[in-house]
Amino acid sequence: MRRLRPRLALPALLILSLVVIALAVPFLGLPNPVRQDIPNRLTGMAPGALLGRDEFGRDVLSRLLWGARISLFIAFTATTIAALAGTLLGLLGGWFRGMAEFLSIRLADVILCFPPILLALLVVTIMGPGVATLILMLSILYTPGFVRVAYGEVLSTRNQDFVTAMTALGATTPRILALTVLPNIASPLLVQYSLTLGAAIVVESGLSFLGLGVVPPTPSWGLMIRGARATMEQAPLLLLWPCLALTVTILAFNLLCDALRDAFDPKSAAGAGARPKPRLVDCLAPGLFPSRVDPGASLSVRGLTVEIDTKRGVIRPVDDVSFTIGAGETLAIVGESGSGKSVTVTGLMGLLPAAARPVAGEAVFEGHDLLRRSPDQLRALRGARLAMIPQDPMSSLNPVHKVGDQVVEAILAHRSITRPAARAEALALFRRVGIADPERRLDAWPHEMSGGMRQRVMIAMAIANRPALLIADEPTTALDVTMQAQILDLLADLRRETGSALIFITHSLGVVAEIADTVMVMYAGQVVEQGPVASVFAAPLHPYTAALLAAVPQDDAAPEPIPGAVPPPHQFPQGCRFAPRCGHALPPCGEAQPLRQFGNGREVRCARAGDLRFGRAAHDA
Amino acid sequence: MALLMAVPVFVLGTLLILLLAQTLKLMPAGGFVPFWRDPGQHLLLLSLPALVIGKGLVAIVFRMTRASVLDILPRDHVRTARAKGLAEGRVLRAHVVRNAFGPVLTVLGLHMGALLGGTVLVEYVFNWPGLSTPLIRAVEGRDYPMVVGIVLTVSGLFLLINLVVDLLYAALDPRIRAG
Amino acid sequence: MTPDAEPLLVAEHVSVSFSRKRLFGRGPAVRAVQDVSLRIGRGEAVGIVGESGSGKSTLGRLLLGLIKPASGEVRFDGRALQSLSRAEWRALRQRMQIVFQDPYGSLDPRRRIGSQIADGLAIHRLVAPGLLPEAVNALLEQVGLDPSHAERFPHEFSGGQCQRIGIARTLASRPDFLVADEPVSSLDVSIQAQILDLLDRLRRDLGLALILISHDLAVVRHLCDRVVVMYLGRVMEEGPARSVLDAPRHPYTRALVSAMPRIGTGGRPTRILLPGEPPSPSAPPSGCVFRTRCSFAIAACGEAVPPLTQTNHDHGVACIRLADLP
């Protein structure tokens, strides 16, 4: 928000100039907007009356600009009153709850029950038309909007940790409301303010148009349109000017509101990058580059590199990743956040977001390169030969479909069997993954299930078509330890039973030790070490692996912190990416390091591999 | 779309009359003929006001649907649907549009209020003998009981519409039913 | 801790339940914390462990007085929290602080971190306004951050750094009691150790009494003197951290300890899988709340809530079948 974007600047500039004009009108030396000149009525553009004269011979330009002054005065005054009253009521209602909440919210609800123009007419009936009536009526009309916005925002803000922290510090309530709550609810209120300004002008001009708003001869855009309608045949242009002024003004307020909303909304701030370039060569000539296929491998990935276009330029969250997993094997990919482990597998599944694309490497699965398959071919594989278990079972099920139907859908996407047959299979799957009372649970909605139960549904969905490769992306991170133990057991059972390969992504070294045969340690987008779990954990070769193991508290060893933090992808170091945090770095570590074979199926990316000793090997030495 | 949102209904109505009736002489400038006397003319006369009232709704529904779909698209369950290997069309139908519908419906219901209010203006512009003429006359004449009567009738209609919307929403989203 | 002196904080039989507002009346009450008694000595570190729904976070907020107990009493330094006036309360707040789980959520995104850290000093007028910047710098250094960062906003920091800022803010008011609610569970492994190290060092340097709420038994075992194991709002087992976690007695603690994934297989107990799911806290089982998932449960377990039986060395277990367990 530091820089004013053009989207924000244009409407803001327009509104600013309108306000300036409205304020400066009396000093512009314009003809009196209410002085009639009947002999010259309806004359066209002429010097002295740049836009002509109306049905009473009044100067149109002057009336137009004075009209802007009246309209904006009414709109700003009424909106400001509504904003102050509404914010105060909403703030008190949301913070103190109880009686204040009841009064402010119910009051707002009652007003919101009436269509705005009708309520306005009701007020006019009681008070008679005029500027004061308009201001009062518009304030009443728009206060509930502010009450609702402020109330909703306060409710979501009051439970934030930083507000609790202020309470815990012993701050007084006025201090918390003014210094902590109000600044944090200001943006949506500002959006509401600009929205309401536009709406107020619409209602004001509409009422004036009906002859129930501003009282003639006071100039107003609505009144001008009303007057010009009568003389439409003789002077159509008279109609055009106020219509144009009104529409442009409202457009400016609407655009300002949209731009403000986008500027404040964190979701839209994360800019989507460019679309991926179609891999034309690969579509035309698949198999142009023959692959070295490892026989007996379920999936063989070589040199996978993924690029993402961001505002700060192209980043490589995954750089030269290679691994092989055989049928029935379990590979654990372990790393901290930002290591690129999730991007690696989403890339393999062809589920990367639009801004990301694999730019190099190959991933041979059942004889074909996944990275060079067409979207249709990939879709036929996904959910069938290649299935995925997501991290968050809460959000990964569609809340508006029954869980049984979602499993049935997965079956029917790949096999032409009848719906009842698919449902019978879903029932068997539910039973297999240990869902109690499976017949009833098929017809349950996702929100009726616990986290562990939903993860079982996700697993049932993933194994529905007997995949050869199962990719589990942190499947137990969102679960409690006793649930985690259940799910890990289930996955191990299923793998033994079906003989499918399993890629298991996790940040927990303990889970790796539980479930995996081989482990691949990732750091800042690269593989730093891989090999059989037992030997890697007993004698890590890479300083990062050793440091990770030492950072986990276990038994009587105190956890040893690793200094610093994982760098963001646009700040990856040139040479060894771990060197800035490594206690063993030497000058050669400034150079990029290749992944080197180290015997017994071990590979490591470290200039000092071999001359450093960690883990049990170090103690034995 | 932004322009369509911005132009007030009575301005659009007036401009349309200026263009279609006054300048091009394609249509009558407004008025009313009972349906049974001349169905064609009735519908012709109805078409412009209906179009003008509908414009606001089109703009609102367009914006809301777009925002709602953009909100749903990056969600995890959409990725699950893709991971199942569903065709893109099915992903959009069953897992995006279906979920995006609720918010659109709610906003639609709430905007019915502005729509019903806008009708007063549009009827006036097109000389359509609906509730607006007696209403405006009653306001001008400070006929308080009459105004209250009409306002309450229309507000009742508005509340009824919103009740229907809420019930529809509950039918669409099982979470609402539970809460 | 000398036995005759009153401990810094004492909770006696505290309970609290929540209920959601419904259209008509209120929904079923969720019994978040039931009949929990606890004492924390000066400078002592107590861990509260349990899974989601165990009421451990609610208990932490109860002890800080951020939530009022429905029954029971919390005494801080010999004074019952319920009996305090507003002003006394605010003065007491200075001495009891909280560190949150979400490092970003606990900082106000719209204020510079320096001014947020200064809040505690300013509210309780601990330093003259002119000396605030110096005091803030000292606090930043104490938690291992560069004092020149005071003018930055929270989003310019990493998760670990935000957690350090949160800790600096709590230290500003010079507390002698700190509740840390899952302080490292949203951080990466390498950063977790940094924050644990910091908490441990501060506790020893400043003589803080610490309540560490965590689901990670290894963290609690490393940092705490004593541990309280909770399930569905009730205490299952409590005692010295090592003795409870190395030789758990209660069937639930045993299952919990065995379910923790461990690196290396040495000394690993065979895993006890708990059947099914935890019951809903709005309808807990009668008697022992754990009995529905306990493989040792007998009919008598459903009849009365088992009392916390002392075994040895302050080690208490709430299980009537303690003597019969293998």
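Before moving on, here are some points about what is shown:
- Cβ-Cβ under 7 Å pairs, at least 6 apart or on other chains, segment A:303-323 side under 18 Å from A:G350 (Cβ atoms), far side of a type in the set (D, E, K, R) and surrounded by fewer than 20 Cβ atoms within 10 Å (Cβ to Cβ): A:G303/A:D320; A:T305/A:D320
- Helices (runs of 4 or more DSSP H) enclosed by segment A:396-472 - at least 1 residues per element that are touching a helix residue (DSSP H, G or I) at 6+ places or on another chain (Cβ under 6 Å), among the small types (G, A, S) and at negative phi: A:403-412, A:419-432, A:451-463
- Qualifying residue in segment C:264-281 (condition: open to solvent by less than 30 Å² (accessible area, probe 1.4 Å) and more than 11 Å from chain A (Cβ to nearest Cβ)): no
- Within the option set C:S158, C:S190, being within 12 Å of chain A (Cβ to nearest Cβ) and within 14 Å of C:D102 (Cβ to Cβ) holds for one residue only, C:S158.
- Unique match (being buried (at least 19 other Cβ atoms within 10 Å of the Cβ), over 39 Å from the mean Cα position of the chain (by Cα) and not hydrophobic (A, V, I, L, M, F, W, C)) among A:R613, A:R602, A:R596: A:R602
- A:I515 vs. criteria of a type in the set (V, I, T), away from chain C (no Cβ under 12 Å) and open to solvent by less than 40 Å² (accessible area, probe 1.4 Å): no
The rows are residues; the columns are (1) more than 29 Å from A:I15 (Cα to Cα); (2) open to solvent by less than 10 Å² (accessible area, probe 1.4 Å); (3) in contact with a Leu (Cβ under 7 Å, 6 or more places away or on another chain).
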{"position": "A:V60", "(1), (2), (3)": "no, yes, yes"}
{"position": "A:G67", "(1), (2), (3)": "no, yes, no"}
{"position": "A:F73", "(1), (2), (3)": "no, no, no"}
{"position": "A:A85", "(1), (2), (3)": "no, no, no"}
{"position": "A:W95", "(1), (2), (3)": "yes, no, yes"}
{"position": "A:M99", "(1), (2), (3)": "yes, no, no"}
{"position": "A:S104", "(1), (2), (3)": "yes, yes, yes"}
{"position": "A:P116", "(1), (2), (3)": "no, no, yes"}
{"position": "A:P129", "(1), (2), (3)": "no, no, yes"}
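- Filtering segment A:378-401 to residues that are open to solvent by less than 10 Å² (accessible area, probe 1.4 Å) and among the polar types (S, T, N, Q) leaves A:S396, A:N398.
- Every test in (1) touching a Ser or Thr at 6+ places or on another chain (Cβ under 7 Å); (2) over 24 Å from A:A252 (Cα atoms); (3) open to solvent by less than 60 Å² (accessible area, probe 1.4 Å) is passed by A:L89 save one, and that test is (3).
- On the stretch given as segment C:292-326, residues that are within 24 Å of C:L273 (Cα to Cα), touching a residue at least 60 places away in the same chain (Cβ under 8 Å) and loosely packed, with under 13 Cβ neighbours inside 10 Å total 1.
- Within segment B:103-122, restricting attention to residues that are open to solvent by less than 10 Å² (accessible area, probe 1.4 Å) and more than 8 Å from every other protein chain (Cβ to nearest Cβ), the residue that is modelled with the lowest pLDDT is B:G109.
- Flag for A:T231 being at pLDDT 90 or above and hydroxyl-bearing (S, T, Y): no
- In segment A:545-560 there is at least one residue that is more than 30 Å from A:I411 (Cα to Cα), touching a residue at least 12 places away in the same chain (Cβ under 8 Å), more than 9 Å from chain C (Cβ to nearest Cβ) and out of contact with any His (no Cβ under 8 Å at 6 or more places or on another chain).
- Which listed residue, of A:Y142, A:Y151, is in a helix (DSSP H, G or I) and within 13 Å of another protein chain (Cβ to nearest Cβ): A:Y142
- Segment A:1-20 - residue that is at pLDDT 80 or above and exposed (fewer than 15 other Cβ atoms within 10 Å of the Cβ) and, of those, farthest from the chain's Cα centre (by Cα): A:V20
- Flag if A:P580 is under 23 Å from C:L198 (Cα atoms), modelled with pLDDT of 90 or more and out of contact with any Leu (no Cβ under 6 Å at 6 or more places or on another chain): yes
- Qualifying residue in segment B:83-100 (condition: in contact (Cβ under 8 Å) with a residue 24 or more places away in the chain and facing chain A (nearest Cβ under 8 Å)): yes
- Candidates A:G227, A:G213, filtered to the one that is outside any helix (DSSP H, G or I), open to solvent by less than 20 Å² (accessible area, probe 1.4 Å), in contact (Cβ under 8 Å) with a residue 60 or more places away in the chain and away from chain C (no Cβ under 14 Å): A:G213
- Members of segment B:45-97 that are open to solvent by 20 Å² or more (accessible area, probe 1.4 Å), farther than 20 Å from B:M112 by Cβ and touching a Gly at 6+ places or on another chain (Cβ under 9 Å): B:R82
- Segment A:120-139: number of residues that are without any contact (Cβ under 8 Å) to a residue 24 or more places away in the chain and within 7 Å of chain B (Cβ to nearest Cβ): 2
- Single residue of segment C:129-180 satisfying the filter (charged (D, E, K, R) and in contact (Cβ under 8 Å) with a residue 12 or more places away in the chain) that is least open to solvent (accessible area, probe 1.4 Å): C:R169
- Candidates in segment C:190-217 are the residues that are free of Cβ contacts under 8 Å to residues at least 12 places away in the same chain and buried (at least 22 other Cβ atoms within 10 Å of the Cβ); of these, the one that is farthest from A:P563 (Cα to Cα) is C:A193.
- C:V244 open to solvent by less than 30 Å² (accessible area, probe 1.4 Å), touching a strand residue (DSSP E or B) at 6+ places or on another chain (Cβ under 7 Å), more than 12 Å from chain A (Cβ to nearest Cβ) and assigned to a helix (DSSP H, G or I): yes
- Positions within segment A:479-504 being part of a strand (DSSP E or B) and of a type in the set (G, A, S), in sequence order: A:A501
- Segments classed as strands (runs of 3 or more DSSP E), wholly inside segment C:15-127, with at least 3 members that are touching an Asp or Glu at 6+ places or on another chain (Cβ under 8 Å) and open to solvent by 50 Å² or more (accessible area, probe 1.4 Å): none
- The set of residues from segment C:102-115 being at pLDDT 90 or above and more than 8 Å from chain A (Cβ to nearest Cβ) comprises C:R112, C:I113, C:G114, C:S115.
- For segment A:433-466, a residue qualifies if it is within 18 Å of A:G383 (Cα to Cα) and either open to solvent by 40 Å² or more (accessible area, probe 1.4 Å) or in contact with a Gly (Cβ under 7 Å, 6 or more places away or on another chain) (or both), and the qualifying residues are A:R456, A:N465, A:R466.
The values are calculated or read from the model by the stated rules, or taken from the named source; none is laboratory data. If you're wondering where the values come from, they're calculated on a predicted model, not measured in any experiment. Backbone-built Cβ (ideal geometry, glycine too); neighbour counts: all protein chains shown. To get the accessible areas, we keep the full protein, side chains included, count just its heavy atoms, and leave off ligands, DNA and RNA. Shrake-Rupley method; radii C 1.70, N 1.55, O 1.52, S 1.80 Å.
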